Amino acid sequence: MPVDTPLLDMIKSPADMRGLSIADLKQLAEEVRAETIDAVSVTGGHLGAGLGVVELTVALHHVFETPRDILIWDVGHQAYPHKILTGRRDRIRTLRQGGGLSGFTKRSESEYDPFGAAHAGTSISAALGFAAARDQKGGDNKVVAVIGDGSLTCGMAYEAMNAADHSAKQLIVILNDNDMSIAPPVGGMSAYLARLVSGGIYRSFREFGKSVVGVLPKPMKDAARKAEEYARGMVTGGTLFEELGFYYVGPIDGHNLDDLVPVLKNAAEFQGKPVLVHVVTQKGKGYAPAEHSADKYHGVVKFDVVTGKQTKAPTNAPSYTKVFAQELIKRAERDERIVAITAAMPSGTGLDLFGERFPERMYDVAIAEQHAVTFAAGLAADGMKPFAAIYSTFLQRGYDQVVHDVAIQSLPVRFAMDRAGLVGADGATHAGSFDIGYLGALPGMILMAPSDEAELAAVIATACEIDDAPSAFRYPRGEGIGIDIPELAAPLEIGKGRIVREGTAVAILSLGTRLEPALKAAELLAARGISATVADARFAKPLDEALILRLAREHEALVTVEEGARGGFGAFVLQLLSDRGVLDRGLKVRTLTLPDVFQDHDKPEAMYAQAGLDADGIMRAALRALGVDAASVKDARA
């Protein structure tokens, strides 16, 4: 086929790739890479990871009969090329947009996404489940998991590998070794050896050798086994995976289709033992701005393809993440016991800034949230002041440790939960929807939610002062409202909220950064002749009982507002009102939460409107609580 023929236009599904030559596959890979770059320049998203696996993606769909053969991508942000090749190219420029393609693999989106993923370390466990199900049903399809080396810092990945040897007759794990390279650079010799050890002749010879060794006396048998393992470990670095029960192949150049295709074909023939194929790739491969970026363009907003310059909307307000980092640095300058912990998200949590200032007091424990929590508990138990900065959605992965290792022992670990509430384009997998409920259920936990960046500074100051109990504070993704932050914020009184606006008819009690739309809702109500009080709860636990009971006593209706799922702050308030008999006296209460669904990705403002947590939604809820038809009340400003 002529080199200048656009192959990608002819690929409607992976089946169209099966008969292509290696030369055609190379051309196709370049076209997929160009398509990925162009699409993400329009939508934003995760670029570097996908560029690093273009050739691997092409090779996998060429060799394996997807979707009959199961292909699972760990995390999923490396799957954009996979989406392009599996019938979704016509929608690829809707990535992460409302109503468009997900930025991760998603079962409801395509039969080529057999398992959804957006958190790291799940692929081998899921693949093992598919393999076991296949074996139970007597099937013969292949199961492949692609996992990045960063995800191998998840204990769950090793738990799955430990179980694989006796749980499945056939399983292939592709280790995509990129930024966190665990092998030396590879060249022609290592690629040749990888092809050799994955081939049938070598395997037959190895099995023959095992049969010969089997009749030797035990000392000689053990010596022969150790010699063989040592020899292969010297060549390939695969002893660890061999000990876990895998047949190890690699490392090979993950961008060289001449090597990838035959090795994958050999791996597909393995039976009776799981195989791990170790490929070395370059994150951001083929796009110079990504190759030379510190994070390899891991996550980007819209950008210019020619220059690589990202288009960022101007803002006068710092992000909550940056405020957290700056305030923690201020406190750490005054208290040498303050240390910070992140689970492989130093830049995402702002702790890269803390690490620059205090390199000896910042710990990145990799993608290991369970370890991060218990590690923080150990630090706290010995008198340090640990701040574990973990996204709300990722802290879910360490919940048992929060309960068992922190809360039960009343250890003063401080959890800084970034990305609380909705997160826009990253969708349901990254939304911080549940932390109010799952932390608020724990005895002794102090749970705070600042309403703006100045309040965040005060909350951090408060957490620094709490030495006898665990505490947590939640704050959203994105920028603050532009309010001035004191040079050194004063700590809050534990369990005390504040009245922000006085009114008479209805009280709006907000927790977190929905305070601004709550105040706007009060203005909308005032324009309709209805007086509203607005209060900032500050604490979900302990509740400001005196404030809540006063609001209930002095108003006809009470509306609670939170950026969290049902069973959180509003439920806590209802419990208090029920226990005190307030509900028996006819108080009208409405609890506004995120809807009881996993909301699809969209612009944050659209998602909050859908949830009824914007100013208009809060106003309408207040009117309903008062028994007023919104359509019947005119806006005096109209």
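The values are calculated or read from the model by the stated rules, or taken from the named source; none is laboratory data. Since the model is a prediction, treat every value here as computed from it, not as a measurement. Glycine also receives a Cβ, built like all others from the backbone with ideal geometry; neighbour counts cover every protein chain displayed.
Would you say residue 544 is assigned by TED's automatic domain parsing to the domain that holds residue 328, over 19 Å from residue 615 (Cβ atoms) and of a type in the set (D, E, K, R)? Walk me through how you get there before you give the answer.
Working: assigned by TED's automatic domain parsing to the domain that holds residue 328: no; over 19 Å from residue 615 (Cβ atoms): yes; of a type in the set (D, E, K, R): yes.
When the stated conditions are applied, residue 544 does not pass them.
For residue 36, indicate whether it is crowded, with 17+ Cβ neighbours inside 10 Å, outside any loop (DSSP other than H, G, I, E, B) and hydroxyl-bearing (Ser, Thr, Tyr). Let's see the steps before the verdict.
Working: crowded, with 17+ Cβ neighbours inside 10 Å: yes; outside any loop (DSSP other than H, G, I, E, B): yes; hydroxyl-bearing (Ser, Thr, Tyr): yes.
Considered against the rule, which asks whether it is crowded, with 17+ Cβ neighbours inside 10 Å, outside any loop (DSSP other than H, G, I, E, B) and hydroxyl-bearing (Ser, Thr, Tyr), residue 36 comes out as yes.
Do we have any residue at all in the stretch 79-97 that's surrounded by 24 or more Cβ atoms within 10 Å (Cβ to Cβ), in the same structural domain as residue 269 (by TED's automatic domain parsing) and of a type in the set (Lys, Arg)?
Scanning the stretch 79-97, I find at least one residue that is surrounded by 24 or more Cβ atoms within 10 Å (Cβ to Cβ), in the same structural domain as residue 269 (by TED's automatic domain parsing) and of a type in the set (Lys, Arg), so the answer is yes.
Please pick out the residue among 394, 387, 375 that is crowded, with 19+ Cβ neighbours inside 10 Å, among the hydrophobic types (A, V, I, L, M, F, W, C) and in a strand (DSSP E or B).
Working: 394 fails: in a strand (DSSP E or B); 375 fails: in a strand (DSSP E or B).
The unique qualifying residue is 387.
Looking for whichever is under 27 Å from residue 349 (Cβ atoms), acidic (Asp, Glu) and at pLDDT 95 or above here; the options are 523, 516. Which one fits? Steps first, please.
Values: 523 fails: under 27 Å from residue 349 (Cβ atoms).
Just a single option satisfies the conditions, and that option is 516.
Specify which of the listed residues (45, 50) is closer than 17 Å to residue 118 by Cα, among the small types (Gly, Ala, Ser) and free of Cβ contacts under 8 Å to residues at least 40 places away in the same chain.
Working: 45 fails: free of Cβ contacts under 8 Å to residues at least 40 places away in the same chain.
Answer to the check: 50.
Residue check: is residue 426 surrounded by fewer than 24 Cβ atoms within 10 Å (Cβ to Cβ), out of contact with any helix residue (DSSP H, G or I) (no Cβ under 8 Å at 6 or more places or on another chain), under 24 Å from residue 378 (Cβ atoms) and assigned by TED's automatic domain parsing to the domain that holds residue 346? If you could, list the steps in order and put the result at the bottom.
Details: surrounded by fewer than 24 Cβ atoms within 10 Å (Cβ to Cβ): yes; out of contact with any helix residue (DSSP H, G or I) (no Cβ under 8 Å at 6 or more places or on another chain): yes; under 24 Å from residue 378 (Cβ atoms): no; assigned by TED's automatic domain parsing to the domain that holds residue 346: yes.
The answer is no for residue 426.
Residue by residue, here is whether (1) crowded, with 24+ Cβ neighbours inside 10 Å; (2) part of a strand (DSSP E or B) holds:
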| position | (1), (2) |
| --- | --- |
| 455 | yes, no |
| 460 | yes, no |
| 472 | yes, yes |
| 481 | no, no |
| 489 | no, no |
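What number of residues in the stretch 490-530 are of a type outside the set (Gly, Ala, Ser), touching a strand residue (DSSP E or B) at 6+ places or on another chain (Cβ under 6 Å) and more than 24 Å from residue 446 (Cβ to Cβ)?
Within the stretch 490-530, residues that are of a type outside the set (Gly, Ala, Ser), touching a strand residue (DSSP E or B) at 6+ places or on another chain (Cβ under 6 Å) and more than 24 Å from residue 446 (Cβ to Cβ) number 5.
Select from the stretch 496-526 the residues that are more than 35 Å from the chain's Cα centre (by Cα) and more than 22 Å from residue 587 (Cα to Cα) and list them in ascending order.
Hits for the stretch 496-526 are 523, 524.
Hey, any hits in the stretch 90-103 for a residue that's of a type in the set (Val, Ile, Thr), in contact with a helix residue (DSSP H, G or I) (Cβ under 8 Å, 6 or more places away or on another chain) and within 19 Å of residue 20 (Cα to Cα)? Break it down into steps so the answer makes sense when it comes.
Here is the first cut: in the stretch 90-103, the residues of a type in the set (Val, Ile, Thr) are 92, 94.
Now narrow it down to the ones that are in contact with a helix residue (DSSP H, G or I) (Cβ under 8 Å, 6 or more places away or on another chain): 92, 94.
Adding the requirement that they be within 19 Å of residue 20 (Cα to Cα) leaves none.
No, the stretch 90-103 contains no residue that is of a type in the set (Val, Ile, Thr), in contact with a helix residue (DSSP H, G or I) (Cβ under 8 Å, 6 or more places away or on another chain) and within 19 Å of residue 20 (Cα to Cα).
For the condition modelled with pLDDT under 85, surrounded by fewer than 20 Cβ atoms within 10 Å (Cβ to Cβ) and not assigned by TED's automatic domain parsing to the domain that holds residue 426, what is the one hit in 100, 129? Break it down into steps so the answer makes sense when it comes.
Working: 129 fails: modelled with pLDDT under 85.
It is 100.
Looking at (1) surrounded by fewer than 19 Cβ atoms within 10 Å (Cβ to Cβ); (2) in contact (Cβ under 8 Å) with a residue 24 or more places away in the chain; (3) assigned to a loop (DSSP other than H, G, I, E, B), which is the only condition residue 367 fails?
With (1) surrounded by fewer than 19 Cβ atoms within 10 Å (Cβ to Cβ); (2) in contact (Cβ under 8 Å) with a residue 24 or more places away in the chain; (3) assigned to a loop (DSSP other than H, G, I, E, B) applied to residue 367, the lone miss is (1).
Which of the numbered conditions does residue 630 fail, given that it passes all the others? Conditions: (1) at pLDDT below 95; (2) over 14 Å from residue 506 (Cβ atoms); (3) in contact with a Leu (Cβ under 6 Å, 6 or more places away or on another chain).
Of (1) at pLDDT below 95; (2) over 14 Å from residue 506 (Cβ atoms); (3) in contact with a Leu (Cβ under 6 Å, 6 or more places away or on another chain), only one is false for residue 630: (2).
Please work out if residue 229 is touching a strand residue (DSSP E or B) at 6+ places or on another chain (Cβ under 9 Å) and modelled with pLDDT under 95. Let's see the steps before the verdict.
Values: touching a strand residue (DSSP E or B) at 6+ places or on another chain (Cβ under 9 Å): no; modelled with pLDDT under 95: yes.
So residue 229 does not fit the description; no.
Would a scan of the stretch 42-58 turn up a residue that is more than 15 Å from residue 79 (Cβ to Cβ) and touching a His at 6+ places or on another chain (Cβ under 6 Å)?
Taking the stretch 42-58 as the starting set, the residues that turn out to be more than 15 Å from residue 79 (Cβ to Cβ) are 42, 44.
Applying the additional criterion that residues be touching a His at 6+ places or on another chain (Cβ under 6 Å) yields none.
Scanning the stretch 42-58, I find no residue that is more than 15 Å from residue 79 (Cβ to Cβ) and touching a His at 6+ places or on another chain (Cβ under 6 Å), so the answer is no.
Being hydroxyl-bearing (Ser, Thr, Tyr) and within 18 Å of residue 385 (Cα to Cα) is the filter; apply it to the stretch 342-363 and report the residue that is surrounded by the most Cβ atoms within 10 Å (Cβ to Cβ).
Going residue by residue through the stretch 342-363, those that are hydroxyl-bearing (Ser, Thr, Tyr) are 342, 347, 349, 363.
If we keep only those that are within 18 Å of residue 385 (Cα to Cα) as well, we get 342, 349, 363.
On the way: 342: 26, 349: 28, 363: 18.
Among those residues, the one meeting the criterion is 349.
Quick grid of which residues meet (1) farther than 30 Å from residue 101 by Cα; (2) surrounded by fewer than 23 Cβ atoms within 10 Å (Cβ to Cβ); (3) β-branched (Val, Ile, Thr):
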| position | (1), (2), (3) |
| --- | --- |
| 529 | yes, yes, no |
| 545 | yes, yes, no |
| 556 | yes, yes, no |
| 563 | no, no, no |
| 570 | yes, no, no |
| 576 | yes, yes, no |
| 588 | yes, yes, no |
| 602 | no, yes, no |
| 605 | no, yes, no |
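Taking residue 261 as the residue in question, decide whether it is in a strand (DSSP E or B), assigned by TED's automatic domain parsing to the domain that holds residue 141 and at pLDDT 75 or above.
Values: in a strand (DSSP E or B): no; assigned by TED's automatic domain parsing to the domain that holds residue 141: yes; at pLDDT 75 or above: yes.
Considered against the rule, which asks whether it is in a strand (DSSP E or B), assigned by TED's automatic domain parsing to the domain that holds residue 141 and at pLDDT 75 or above, residue 261 comes out as no.
For the structure I just gave you, tell me whether residue 400 is surrounded by fewer than 23 Cβ atoms within 10 Å (Cβ to Cβ), part of a loop (DSSP other than H, G, I, E, B) and among the acidic types (Asp, Glu).
Working: surrounded by fewer than 23 Cβ atoms within 10 Å (Cβ to Cβ): yes; part of a loop (DSSP other than H, G, I, E, B): no; among the acidic types (Asp, Glu): yes.
No: the conditions fail for residue 400.
For the stretch 543-554, what are the residues that are out of contact with any Lys or Arg (no Cβ under 9 Å at 6 or more places or on another chain) and not in a helix (DSSP H, G or I)?
Passing the criteria: only 543.
What residue, among those in the stretch 315-331 that are buried (at least 17 other Cβ atoms within 10 Å of the Cβ) and of a type in the set (A, V, I, L, M), is farthest from residue 451 (Cα to Cα)?
329
Among 321, 311, 307, 315, which is the only one that is at pLDDT 85 or above and either closer than 17 Å to residue 144 by Cβ or among the polar types (S, T, N, Q) (or both)? Break it down stepwise before answering.
Working: 311 fails: at pLDDT 85 or above; 307 fails: at pLDDT 85 or above; 315 fails: at pLDDT 85 or above.
Only one candidate passes the filter, namely 321.
Here are the criteria: (1) assigned to a helix (DSSP H, G or I); (2) hydroxyl-bearing (Ser, Thr, Tyr); (3) in contact with a helix residue (DSSP H, G or I) (Cβ under 9 Å, 6 or more places away or on another chain). Tell me which single one residue 41 does not satisfy.
(3)
So that you can scan it fast, the table gives a plain yes or no per residue for (1) more than 25 Å from residue 564 (Cα to Cα); (2) modelled with pLDDT under 95; (3) out of contact with any Leu (no Cβ under 7 Å at 6 or more places or on another chain); (4) of a type in the set (Phe, Trp, Tyr):
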residue	(1), (2), (3), (4)
345	no, yes, yes, no
360	yes, no, yes, no
364	yes, yes, yes, no
370	no, yes, yes, no
388	no, no, yes, no
411	yes, no, yes, no
423	no, yes, yes, no
441	no, no, yes, no
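Taking only the stretch 32-52 into account, find how many residues are of a type in the set (Gly, Ala, Ser) and either in contact with a Ser or Thr (Cβ under 8 Å, 6 or more places away or on another chain) or closer than 9 Å to residue 301 by Cα (or both).
Here the count works out to 6.
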